[in-house]
1. Is at least one residue of region B:49-61 among the charged types (D, E, K, R), at negative phi and loosely packed, with under 15 Cβ neighbours inside 10 Å?
2. Quickly run through region B:192-218 and pick out the residues that are surrounded by 14 or more Cβ atoms within 10 Å (Cβ to Cβ) and either under 22 Å from B:Gly157 (Cα atoms) or within 14 Å of chain A (Cβ to nearest Cβ) (or both).
3. Do you know which residues across region A:39-60 are surrounded by 21 or more Cβ atoms within 10 Å (Cβ to Cβ) and either away from every other protein chain (no Cβ under 13 Å) or at pLDDT below 90 (or both)?
4. In region A:487-502, which residue that is over 24 Å from A:His72 (Cβ atoms) and more than 27 Å from the chain's Cα centre (by Cα) is surrounded by the fewest Cβ atoms within 10 Å (Cβ to Cβ)?
5. Quickly run through region A:107-142 and pick out the residues that are among the β-branched types (Val, Ile, Thr) and within 16 Å of A:Leu92 (Cα to Cα).
6. Is it the case that region A:114-126 has a residue that's within 28 Å of A:Met39 (Cβ to Cβ), in the same structural domain as A:Leu65 (by TED's automatic domain parsing), buried (at least 24 other Cβ atoms within 10 Å of the Cβ) and in contact with a helix residue (DSSP H, G or I) (Cβ under 9 Å, 6 or more places away or on another chain)?
7. Restricting attention to region A:490-539, which residues are among the polar types (S, T, N, Q) and outside any strand (DSSP E or B)?
8. Can you name every residue in region A:17-32 that is within 14 Å of chain B (Cβ to nearest Cβ) and either farther than 26 Å from A:Gly394 by Cα or among the aromatic types (Phe, Trp, Tyr) (or both)?
Amino acid sequence: MAGLAATFGSGAMTNSIQEFDDAEAFFVIGSNTTEQHPMIASRIIQAVRQKEAKLIVADPREIKLAKLATLHLKHKMGSDVALLNGLMHVILKEGWEDKEFIKDRTENFEPLKAVVAKYTPERVAEITGVDKDSLRKASEIYAKAKRSMIIYAMGITQHVAGTDNVKSCANLAMLTGHVGYPSTGVNPLRGQNNVQGACDMGALPNVYSGYQSVTDPKIREVFEKEWGVNDLNDKAGLTLTEMIDAAERGDIKALYVMGENPVVSDPDARHVSRALRKLDLLVVQDIFLTETARLAHVVLPAASFAEKMGTFTNTERRVQLSRQAIAPLGGTLPDWKIICEISSRVGYPMNYDSPIEILDEINRVTPSYAGITYSRLKGSWGLSWPCPNEDHPGTLFLHKDQFARGLGAFDAREYIPPAEVPDEEYPFTLITGRVGFQFHTGTMTRKISILEREAPNAVLEMNSKDARRLRVIDGSIVAVESRRGELHLPVQIKQDIPESVVFSTFHYSEKNINELTICAIDPVAKIPEFSCAVSIRRV
Amino acid sequence: MKRLKKENVLPFLKEMNKTEKVFCPQWVDDRDLLFIPLGEGEYKGDIGKTTISVKTLVFPQTEDIISFRGESISKIIDSSKKLLFGIRPCEMKAIQLTDRFMKRDDIADPHYLSKRKEMTTIVIACHEPPSDTCFCIDAGGMPYLENGYDVQLFDVGDFYIAIAGSERGEEILENKYFEQGIEEDREKLEEIKSKARHSQNNKPGLKNAIEILKEEKADEDFWERLADRCINCGGCVYVCPTCTCFNVYDIPSQGGYVRCRSWDACLHAGFTRETSGHNPRPTQGSRLARRHEHKLKFDIINFGESGCVGCGRCSDTCPVGLGAIEIIQELNKL
């Protein structure tokens, strides 16, 4: 998000989901789309098959989309910036860039040119493992198609170079003029149904709703007036990973966690538990007693989506109304009511009647949500922001005619290697991810028998050659060890994974893969890398 | 032959609701048309096509079937009286097909049959297709029924022409809200039927698809290619009026346990996976093939009739365009 905000001025999908149907070329990097965003993947597949759209997949694994791809670039783990710079190198060398777009709509082009000049196909091949011809072909497909889309997900953001990766995607799109038109743009696929909404509402350390900075006095004034207070804090807060570190150091005394299970979802899980145990007060608000809630001093039982009304904002910036289906069970309350109660008890009375009244306030203080009112949502399938007034139809694609920040800013990045690369002691790279049947730490999906039946336990996916070398077969138990922990997992032999790379999921708290992963963070977005070096032995 | 004025439908249903639970299509939040107990939504006269078929009332999404505690075990049977008003002919036909399956001598299903026995069925024939995805005629059916219902109603504008199809149906027509019809109604009825027979433009070609499957023209590649898009949500199965796969599990209850069953789907890998880990239907393509071959091939062998009634619900529901209509169209390209 930080990467796109810096280059384009807005950290969200530039296009809407329906526009995938008409793209001419897709460049999918760091997204196992069929597993994680199957509805979008289905559109990509249809566009490729029925409209002969070209598909480039950049992924170390032979994911399902790779089988349908025009071209599959199996670049090495963590070499994304080098690959993207390599593509730009070829595009500039061949003169496939969009000169007019660069001149009229962007700035800082010269520094980019200087950086990508260093990424010759030979050097890129060395870093990424992608050969010269494939690099050229990919550059040509992406640059020459009229409507090209870049699609990415956590596969490129969860790296120490996560922000660099995103900026490089933005650079590539601007270089070729592939942003600001229908079916043309840069599309980060969000990992949860409302993660876009949470960010939009300012559930970030540095902004109010609608990405309005807490350091801007004019913006603070708007919120001070709305809330009837003075002197709102003008400093950005801490990110999640920073909070955990601060808790461990003793700098944070109390933590209030809502709908999150960091003991299982965050890297270096033992470190997370250790840090949380040091707190004077841990409050966890969730619909189930999660692993994190078990460590809490106070647990606040919240109502589920079916027991409350409100809105969700999905990956295409579409705000949709969610209606209450049943009354809250067993003494639970909707999150908003819990927050109002707590706020009132600590001295700031909050007296909203309903989520509708809260949405009214959002409309008043959030320019991009100003026109997304309850009465409009009630009669529609939702509205995509920016939607500045009640007559505005919502926005299908962003940055038409001009970028949200005015001119698009090229931000040239250099390749940096991953934090922890395999060595003699830990010769494998462990990557983590999800399967389609389980959601995150499984607090909800693992309670559903049919989903649990589809994906009942954690496995370690491994290439057959590695399996032969380790003398293990499907189902053999192996010990996976990193510098932070050890876990015993059954092997699942897969053809779609490269040698020396293993894959597992973080859904299973009884086999918490995050006890092994690394908490090396991206310096800008503070997103952790997760991937790490491991050793594997038969047990 | 009798008449039921449309303005009398609600009073009639309300009266019936005093002695048996009445279900009919009602709108919830102006968004969803559901077959639910009278009063739980808004009845607007427009029967339409409900998102989930009436199957849910004879074969609920989840039901308790056995309770056990210590030595005692008891069957849980629901034999409450229900009146279902506004069933579509295709749904009724689906129930008839399901009856045959659930009544097979060796494995009669008491939970289904008890509900079925106490159910009064009032079908409303479709004078025009309730949606673009309807294809009952192409599927070998008709937008009205010849038999197998208690009462069938035909829409004539201000009123329905009512025909009894059983003794129970004759009883219903004795209700005060049903008025004596006139001789011209007979003509009108034929007129409506004839119009209804020609009312559907949606003709995916089910008969030909059946032949193609019989000739084994659809190979593994064909199904795998389609399955690339299948997201394995099971939606097509759940909304299908003839799908009856279920999963069984026990949950603790009052010091004992209750055995429940819930809808399941043959599209899920776990449905056919064996304890050893081996799966006779190992790929999504093989499971998709299984589902459609069951309806369009094996049902014909076992029961002499296809298991697809052409209601189009799977095509309405599938988020990636892989309902029966699309599958039939793809088969016809072979």
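The values are calculated or read from the model by the stated rules, or taken from the named source; none is laboratory data. What you see is a predicted model; the values in this text were computed from it and never measured. Cβ: placed from backbone, ideal geometry, glycine included. Neighbour counts: every protein chain shown.
1. So far as region B:49-61 goes, no, none of its residues is among the charged types (D, E, K, R), at negative phi and loosely packed, with under 15 Cβ neighbours inside 10 Å.
2. B:Ile192, B:Lys193, B:Ala196, B:Ser199, B:Gln200
3. Answer for region A:39-60, where residues must be surrounded by 21 or more Cβ atoms within 10 Å (Cβ to Cβ) and either away from every other protein chain (no Cβ under 13 Å) or at pLDDT below 90 (or both): A:Ala53, A:Lys54, A:Ile56, A:Val57, A:Ala58, A:Asp59, A:Pro60.
4. Our first condition is that a residue be over 24 Å from A:His72 (Cβ atoms); within region A:487-502, this holds for A:487-491.
Filter once more, keeping what is more than 27 Å from the chain's Cα centre (by Cα): A:488, A:490-491.
Details: A:His488: 13, A:Pro490: 15, A:Val491: 23.
If we take residues in region A:487-502 being over 24 Å from A:His72 (Cβ atoms) and more than 27 Å from the chain's Cα centre (by Cα), then A:His488 is surrounded by the fewest Cβ atoms within 10 Å (Cβ to Cβ).
5. Taking region A:107-142 as the starting set, the residues that turn out to be among the β-branched types (Val, Ile, Thr) are A:115-116, A:120, A:124, A:127-128, A:130, A:141.
Within region A:107-142, A:Val115, A:Val116, A:Thr120, A:Val124, A:Ile141 qualify.
6. Filtering region A:114-126 down to residues within 28 Å of A:Met39 (Cβ to Cβ) leaves none.
Checked region A:114-126: no residue is within 28 Å of A:Met39 (Cβ to Cβ), in the same structural domain as A:Leu65 (by TED's automatic domain parsing), buried (at least 24 other Cβ atoms within 10 Å of the Cβ) and in contact with a helix residue (DSSP H, G or I) (Cβ under 9 Å, 6 or more places away or on another chain).
7. Within region A:490-539, the subset among the polar types (S, T, N, Q) is A:492, A:495, A:500, A:504-505, A:509, A:512, A:514, A:517, A:531, A:535.
Those that are among the polar types (S, T, N, Q) and outside any strand (DSSP E or B): A:Gln495, A:Ser500, A:Ser509, A:Asn512, A:Asn514, A:Thr517, A:Ser531.
8. Initial filter on region A:17-32 (within 14 Å of chain B (Cβ to nearest Cβ)): A:17-18, A:20-21, A:32.
Of everything in region A:17-32, those that are within 14 Å of chain B (Cβ to nearest Cβ) and either farther than 26 Å from A:Gly394 by Cα or among the aromatic types (Phe, Trp, Tyr) (or both) turn out to be A:Phe20, A:Asn32.
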